[in-house]
């Protein structure tokens with residue numbers, strides 16, 4: 001492709017019309033597990049699909065370009081991607097992680113830590129003093145998740161990655177909530193970017209996958225070799241479907257975040273809602289940072305109901321358009337209750353420290369007509385106030 005293309009063009013056209021066999025406009029799916037050697041002791045560009053596959057490599061090339069990285073490695077899930085990104089840690093090494101991270105992330109890090117595979121400090125990275133105290137212990141890796149899941153806390157990526165590098169730490173940023181359509185952490189100083197491609201990149205709630213994007217090619221090569229060694233690379237069919245999803249990434253995210261902004265304003269003004277967590281609101285503590293480092297405020301938000309868990313139950317039972325389900329980033333709008341769903345694996349004390357209350361609900365906003373989404377929430381909230 002020509003150099004200097006807009007990211008929207010890359011998403012729509014990277015890999016298009018490059019088939020040399022039949023001139024297919026859309027790249028074919030290469031499902032073969034094994035590839036013919038041209039001659040004895042002469043391997044071709046591919047030999048076995050765990051190590052390399054043309055379809056998976058096309059997706060990796062596209063994501064690397066979108067994130068401004070040197071190489072991407074495609075794996076079987078977002079959790080596999082995170083584990084791969086942290087694979088350089090050894091016993092005794094320290095990882096500094098966000099205290100309000102995704103529940104699956106908290107579970108993985110806690111279990112790895114309990115097995116002595118590395119040490120973990122969970123810290124509020126928006127608290128400069130707390131972060132400085134953690135960095136004083138000379139961590140090997142600093143993990144950033146911004147906006148955080150589910151409380152939408154915004155971390156100044158440039159500041160934190162700079163501080164991490166100053167103490168010799170690798171800076172890893174989870175960019176799942178925004179995607180490269182709205183944020184590019186490598187340009188802000190990240191060494192590695194992690195994605196659950198299941199979410200906005202695929203965008204249709206039908207493929208599980210993950211990606212690690214490296215700022216430096218040598219680091220990406222090491223990660224690719226380790227992914228092959230432990231067998232976590234993603235399947236060609238999943239790669240094909242994810243690439244198809246990326247073709248519409250920018251238009252999907254644009255509409256989704258428009259809807260999210262209107263819903264956040266509606267919830268912010270509702271008497272049954274005690275607090276709305278959405279960086280697009282000027283009242284959000286991270287609003288200025290988000291405006292500076294993001295191209296938009298995203299399609300994820302959370303809010304707290306005045307009545308706690310009982311109010312949550314009433315609300316979700318009266319919704320007809322939103323679906324009560326985990327995951328996010330699809331074309332359909334979802335509602336989740338983090339304490340009993342996405343963050344159920346966190347113990348109550350850890351949830352309390354993170355600020356995850358029983359009345360908290362997380363919304364992933366889709367492509368429905370915003371009036372239908374507003375009417376649905378209004379109906380549910382009316383039931384709450386009646387109760």
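The values are calculated or read from the model by the stated rules, or taken from the named source; none is laboratory data. Just so it is clear, the structure is predicted and the values come from calculations on it, not from any experiment. Methodologically, a virtual Cβ is constructed for each residue, glycine included, from the backbone with ideal geometry; neighbour enumeration extends over all protein chains shown.
Things to note:
- Of the residues in the stretch 218-241, none is under 16 Å from the mean Cα position of the chain (by Cα) and touching a residue at least 60 places away in the same chain (Cβ under 8 Å).
- Of the residues making up the stretch 322-341, those that are within 14 Å of the chain's Cα centre (by Cα) and surrounded by 19 or more Cβ atoms within 10 Å (Cβ to Cβ) are 328, 329, 330.
- Residue 239 being crowded, with 17+ Cβ neighbours inside 10 Å, in the same structural domain as residue 63 (by TED's automatic domain parsing), touching a helix residue (DSSP H, G or I) at 6+ places or on another chain (Cβ under 6 Å) and assigned to a helix (DSSP H, G or I): yes
- So residue 183, is it in a loop (DSSP other than H, G, I, E, B) and in contact (Cβ under 8 Å) with a residue 60 or more places away in the chain: yes
- Residue that is nearest to the chain's Cα centre (by Cα), among those in the stretch 165-176 that are more than 24 Å from residue 9 (Cβ to Cβ) and in a loop (DSSP other than H, G, I, E, B): 169
- So residue 267, is it surrounded by 21 or more Cβ atoms within 10 Å (Cβ to Cβ) and either at pLDDT 95 or above or outside any helix (DSSP H, G or I) (or both): yes
- Sub-8 Å Cβ pairs linking a first residue in the stretch 125-151 that is under 16 Å from residue 290 (Cα atoms) to a second residue that is modelled with pLDDT under 95 and surrounded by fewer than 20 Cβ atoms within 10 Å (Cβ to Cβ), at least 6 apart or interchain, are 151/355, ordered by first then second residue.
- Residue within the stretch 41-57 that is surrounded by 14 or more Cβ atoms within 10 Å (Cβ to Cβ), under 26 Å from residue 224 (Cα atoms), in contact with a helix residue (DSSP H, G or I) (Cβ under 7 Å, 6 or more places away or on another chain) and at pLDDT below 95 present: no
- Hey, residue 278 farther than 15 Å from residue 74 by Cβ and in contact with a helix residue (DSSP H, G or I) (Cβ under 9 Å, 6 or more places away or on another chain) or not: yes
- None of 198, 161 is assigned to a helix (DSSP H, G or I) and buried (at least 21 other Cβ atoms within 10 Å of the Cβ) except 161.
- Among (1) more than 27 Å from residue 26 (Cβ to Cβ); (2) under 17 Å from the mean Cα position of the chain (by Cα); (3) in the same structural domain as residue 308 (by TED's automatic domain parsing) - the single one residue 214 does not satisfy: (3)
- Residue match in the stretch 97-115 (condition: farther than 29 Å from residue 354 by Cβ and either over 19 Å from the mean Cα position of the chain (by Cα) or buried (at least 24 other Cβ atoms within 10 Å of the Cβ) (or both)): no
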